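Take a look at the structure set out below.
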Amino acid sequence: MPRFRLWRVRNGSLTSLNVFLAALNSEPVVGERIQTSSQDHHNKERIRISDSSIDTAVAVCICTFRRPAGLRRLLAGLAGQTFNDVPHPKITVIVADNEGSLENRRICSEFQESALESLTYVAEQRQGISYARNACIDNLPDITSFVAMIDDDESPDPAWLNHLLLAQSRSGADVVVGPTLPEFEANTATWVQETGYFAKPQNPDSFEDLQADPPAATCNVLVNAEIFSKLGLRFDPLLALSGGEDKLLFQDIKLRGYKFVWAARAKVTEWIPRDRATFAYMWREEFRRASVRHYVKSRLKVSNPLKLFILVPKALTRAVKNIMVGCYRVTAQLLKRNANRSKLALGALVIADGFGSIAGLLGLRSRHYQR
């Protein structure tokens, strides 16, 4: 039986400025696009599913932090994957533990010895989601064809990987995105569920199967491994504590000309505990997302001085508009005899978006992933 591999990543001591400068001077940084022509990209040979399962290797990347029960549930779901439409690929699972707990090690060891032999555990001591995600990427096997990403509070459908690979085979896409649907605890307020806020992306039913250019996130995605191995792209360390690192990475990949498609049947379930199914959490989350938007856009437009110059007034105008629109929607609901609590909450979240955007313009970002 293969040995259980345990890796420990040394604790980094770089300041944010040093991390930023080091990234600029070494591997490609998200937001600074390599100058390649569109024709060059379209002429490159795309990876497709091989007729032999041996030739297709998928690495499933998981970042975990203080969710041992969720990690166990997720690994059980990966162990039960079925493949009826594509050949069974060689699957590797990489778990980057940003806590380094003994319980998580034991869980990974149990699954490595039973159902997931090709499992690598990485203890990433540097605090932040970007470091954990990069630890997964840095430990990809050389034979990896595709990188699948999923979160530790999610559980995949039995045919999750099958449908991601099938969509890639049918489309030749470099990035395949699937829906993430919430599962709430019993007695969760109905109005919270009716907001649709916890679905990723919001309104997933509005996307058709194989539709081009869906929004992508690390909660449910399949990526051509060459994007990491040949371009050297990584998640931005300066977003390690605030999040938004996946949005920046995938928008940068899209701007480089890579193809994105939607896989409607590649579903995962996100488990929403009661302490997250609240308006307070939704407000904080919307504020956080908005607070990183300016940084993300500025990194993507860093090569265009004119666009970078007009970015601040444009973002400020949008923020003020959102605050006004949100106030109008909230007021409209409060004036009704029977206010719709879902619509009331969504209106207030537009206000949170506006205030978060202003905070981002001032360089104030939420530290959602700080211990």
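Assorted remarks:
- Long pairs among Lys267/Lys314; Lys90/Lys259; Lys321/Lys343; Lys259/Lys343; Lys200/Lys297; Lys247/Lys336, criterion Cα-Cα beyond 27 Å: Lys267/Lys314; Lys259/Lys343; Lys247/Lys336
- Computed log₁₀ I(q)/I(0) - Debye formula, equal Cα scatterers, no solvent, region 190-260, q 0.23 Å⁻¹: -1.15
- Sorted peptide list for 342-349, 126-133, criterion being average Cβ within 10 angstrom, highest first: 126-133, 342-349
- Available extension along the chain between Ser101 and Gln125 is 7.6 nm, counting 0.36 nm per residue and deducting the alpha carbon span.
- As a proxy for reagent exposure, ranking Glu113, Glu124 by other Cβ atoms within 10 Å from fewest up yields Glu113, Glu124.
- Among Cys327, Cys136, the ranking by other beta carbons within 10 Å of each residue's beta carbon, starting with the fewest, stands as Cys327, Cys136.
- Cα pair distances in region 289-361, grouped into 5 Å bins until the bin that holds the longest one, percent each: 3, 18, 22, 18, 14, 10, 7, 5, 3, 1, 0
- Span-like helix ranges in the chain, DSSP H, alpha carbon extent 27 angstrom or more, Kyte mean at least 1.0: 341-361
- Segment Leu335-Leu210, length gained on full extension (0.36 nm per residue, minus Cα span): 40.7 nm
- Two-site label geometry, Arg367 and Arg67: point separation in nm, points 7 Å out along Cα→Cβ: 2.2
- Taking 4.7 Å between beta carbons as the limit, the unpaired Cys residues of the chain are Cys63, Cys108, Cys219, Cys327.
- All Cα pairs of region 211-346, percent lying beyond 22 Å: 56
FYI, it's all coordinate maths here, none of it is from the lab. Keep in mind it's a predicted model, so treat the numbers as computed, not measured. Don't worry about glycine lacking a Cβ; one is built from the backbone with ideal geometry, like all the others, and counts go over all protein chains shown.
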